[in-house]
Amino acid sequence: MKKLARQCVLPILVAATVMVASCGTRQAEPQVEGHYTYSHSFDYDLNGDHLEVSETGTMDFGADGSALDSARQTYTATLQEGGVATIVFDYVSPSVWRLDGKSFRFAGVKDEFRMEVVESGCDGCDTARAAQLAEKVMAVVGGSIDHEYDFHLDTLTSERLQWSYTYKDGHSDTWEFERAE
């Protein structure tokens, strides 16, 4: 009888131990919160000028729904009247975020947003024109910073966050963030 009891109890104990061990080693779902680095490029037209923008920065997502986007942005503008203006900005945008399934909602905090010119130059154009363009860029970006954008969460792993956005004209853009912690 003891032998039969051991034969029945031992497999149950082994199964229970395996189940407890496997539950204890289950990986937690990756979280958005953390410090990331990114590089991103995009282009658009503004009042007849064509702007090509490249940025390198960091993004910090807090557990409380706060975020801080800090970047060095370089705008290379092909001006409608000829010439090329180059404007470099320091871009700092305290923001708020929330995740709802695959919908990543993100908006800047307008009264804390800052965008400052750190360098500018012209090739075949007037420096005053570059200064005017810089003011226009800051006004356009600052004017839309507090709009809540609905990004699509493409990827979230322990190393990477990727989101994308589809504009009204149908073109899409993707941002890739590498976790830096």
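Scanning region 62-86 for residues that are open to solvent by less than 30 Å² (accessible area, probe 1.4 Å), in a strand (DSSP E or B) and of a type outside the set (S, T, N, Q) yields ALA67, ASP69, ALA71, TYR75, ALA77, ALA85.
If only residues of region 34-60 that are open to solvent by 10 Å² or more (accessible area, probe 1.4 Å) and among the aromatic types (Phe, Trp, Tyr) are counted, the one that is modelled with the highest pLDDT is TYR38. Taking first residues from region 68-81 that are farther than 14 Å from VAL137 by Cα and partners that are acidic (Asp, Glu) and open to solvent by less than 70 Å² (accessible area, probe 1.4 Å), the Cβ contacts under 6 Å between residues at least 6 apart in sequence or on separate chains come to LEU68/ASP60; ALA71/GLU55; GLN80/ASP49.
Determine whether region 95-106 contains at least one residue that is in a strand (DSSP E or B) and acidic (Asp, Glu).
Of region 95-106, the ones in a strand (DSSP E or B) are 95-100, 103-106.
Those left that are additionally acidic (Asp, Glu): 100.
Scanning region 95-106, I find at least one residue that is in a strand (DSSP E or B) and acidic (Asp, Glu), so the answer is yes.
Please work out which residue is farthest from TYR38 (Cα to Cα), limiting yourself to region 87-134 and to residues that are β-branched (Val, Ile, Thr) and exposed (fewer than 15 other Cβ atoms within 10 Å of the Cβ). Among those that are β-branched (Val, Ile, Thr) and exposed (fewer than 15 other Cβ atoms within 10 Å of the Cβ), it is THR127. Checked against (1) within 20 Å of ASP60 (Cβ to Cβ); (2) at pLDDT below 95, GLN162 passes all but condition (2).
For region 157-181, residues that are over 12 Å from the mean Cα position of the chain (by Cα), part of a strand (DSSP E or B) and surrounded by 12 or more Cβ atoms within 10 Å (Cβ to Cβ) total 1. What number goes with the only condition from (1) closer than 16 Å to ASP49 by Cα; (2) touching a Leu at 6+ places or on another chain (Cβ under 9 Å); (3) surrounded by 16 or more Cβ atoms within 10 Å (Cβ to Cβ); (4) among the aliphatic types (A, V, I, L, M) that VAL140 does not pass? Checking VAL140 against (1) closer than 16 Å to ASP49 by Cα; (2) touching a Leu at 6+ places or on another chain (Cβ under 9 Å); (3) surrounded by 16 or more Cβ atoms within 10 Å (Cβ to Cβ); (4) among the aliphatic types (A, V, I, L, M), the one that fails is (3). Taking first residues from region 19-41 that are over 18 Å from THR157 (Cβ atoms) and outside any helix (DSSP H, G or I) and partners that are at pLDDT 95 or above and among the hydroxyl-bearing types (Ser, Thr, Tyr), the Cβ contacts under 6 Å between residues at least 6 apart in sequence or on separate chains come to SER39/THR56; SER41/SER54.
The values are calculated or read from the model by the stated rules, or taken from the named source; none is laboratory data. A quick note: this is a predicted structure, and the numbers were derived from the prediction, not measured. Note that we place each Cβ from the backbone using ideal geometry, even for glycine, and neighbour counts take in every protein chain shown. All accessible areas refer to the heavy atoms of the entire protein, side chains included, with ligands and DNA or RNA removed. Shrake-Rupley method; radii C 1.70, N 1.55, O 1.52, S 1.80 Å.
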